[in-house]
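The values are calculated or read from the model by the stated rules, or taken from the named source; none is laboratory data. Everything numeric here is computed off the predicted structure, so don't read it as measured data. Positions of Cβ are backbone-derived with ideal geometry, glycine not excepted, and every protein chain shown enters the neighbour counts.
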Amino acid sequence: MLSLRETAASLVRLIRWSLLGGFVGVVVGIGSALFLFGLYWATATRESTPWLLWLLPLGGLAIGWMYDRFGRDVERGTKLLLDRIHGAGPPVPWTMAPMITLATIGTHLFGGSAGREGTAVQMGGSLADLIARLTRLSDEDRRLLLISGISGGFGAVFGTPLAGTVFGLEVLAAGRVRYEALVPCLVASTVGDLVCRACGIEHHVYPAAAMPTESARWLLWVALAGVAFGLASLVFVELTDTIQKRVANRVVTPWLRPFFGGLAIVALTYLVGSRDYLGLSLPLIDRAFTAGGLFLGAFALKILFTAVTLGTGFKGGEVTPLFCIGATLGHSFAILTGQPTAVFAALGFVAVFAGAAKTPLACALMGIELFGAELAIPLMIACVVSYLVAGPRGIYSAE
């Protein structure tokens with residue numbers, strides 16, 4: 001029998017969480033736009049001023065000192081947010097947002113190979129937690145708002161609100177999705193994306209991939225590529241973790257570690273003879289969607305550059321480098337097997353990330369938003385296979 005009281009209570013919850021999610025989306029959307037403007041400026045400045053790469057060790061020293069002096073309580077970044085969501089604890093320090101923003105812009109200005117989702121997620125989570133404290137929400141509601149902040153930051157920075165919604169839900173724990181956070185995550189991610197675009201942000205447009213005629217044999221090639229993508233995810237996670245532990249054992253002073261990481265990146269750049277692997281490497285991603293003009297081992301070099309950057313303490317994120325690793329690996333796989341280059345670059349773009357972050361559903365949705373719904377089935381196959389092959393360890397170890 002229909003209960004008017006239950007219906008009214010559900011409607012009140014819907015309105016309440018829509019308003020809270022919308023508020024988070026507005027704040028995070030503005031913050032993400034400011035961050036992206038800074039990131040675009042840093043990238044353009046580095047590309048027009050090549051000698052800035054020589055300052056990367058000093059930039060790393062400054063970032064390390066800043067976190068050692070002012071940010072020890074936010075050093076764990078995204079993993080700290082996930083810990084707060086999983087259980088009660090002290091509030092997320094408000095300093096997380098400005099510190100990760102400045103550190104990420106600095107990393108990109110001088111040439112570190114890093115991404116941007118770490119900044120978006122940490123900014124969104126810390127701002128959402130601040131809103132939760134100001135509105136005096138309960139511990140459980142505060143955790144839900146933290147999840148929506150993660151969704152809002154991800155959706156706003158990448159311009160993919162559906163993927164942002166599911167990412168916030170899915171990244172918490174493999175196999176467990178908190179559906180009670182669905183409404184605030186959806187609203188925060190959608191509003192965050194709209195606000196970010198309204199502020200003048202134009203997201204990078206990736207080349208379109210035409211879907212070939214689907215067949216059982218072709219889908220087997222997709223699954224085989226998924227295995228390669230999962231192995232690349234595993235290598236990235238293990239290499240980054242190994243570098244982090246080795247550097248921590250040999251360089252006892254934490255704020256000195258990025259200095260040596262900067263020296264290593266400068267040496268690698270001149271050893272390889274290319275600056276393609278610095279920063280986000282968006283031009284490298286674009287080239288991965290065409291049939292020629294790309295070194296077949298580019299994905300391995302991007303893994304190395306990014307693992308050294310992040311493993312030695314530089315700040316940013318893993319996602320856009322993982323996009324690059326996946327797209328270039330998909331390119332190489334397609335060239336070696338005679339498959340359509342653009343399609344497999346698109347599959348790798350999201351599938352390597354799916355394996356490393358343990359978020360196959362969010363990644364498949366992101367692929368659909370970026371490359372079109374006609375690739376939905378191969379995208380899902382590649383993401384799920386990569387997720388399974390990569391194993392339980394991921395870039396967010398607090399999962």
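Inspection of segment 178-199 finds no residue satisfying the criterion of being under 25 Å from residue 122 (Cβ atoms), basic (Lys, Arg) and surrounded by 17 or more Cβ atoms within 10 Å (Cβ to Cβ). One residue stands out among those in segment 116-141 that are on the phi < 0 side of the Ramachandran plot and not in a helix (DSSP H, G or I): the one that is surrounded by the most Cβ atoms within 10 Å (Cβ to Cβ), which is 116. None of 194, 162, 144 is within 17 Å of the chain's Cα centre (by Cα), outside any loop (DSSP other than H, G, I, E, B) and in the same structural domain as residue 34 (by TED's automatic domain parsing) except 162.
Applying the condition of being of a type in the set (A, V, I, L, M, F, W, C) and more than 20 Å from the chain's Cα centre (by Cα) to segment 27-56 and asking which residue is farthest from residue 100 (Cα to Cα) yields 51. Scan segment 93-143 for residues that are closer than 13 Å to residue 317 by Cα and of a type in the set (D, E, K, R) and the total you get is 2.
The number of residues in segment 32-54 being buried (at least 18 other Cβ atoms within 10 Å of the Cβ) and over 29 Å from residue 196 (Cα atoms) comes to 1.
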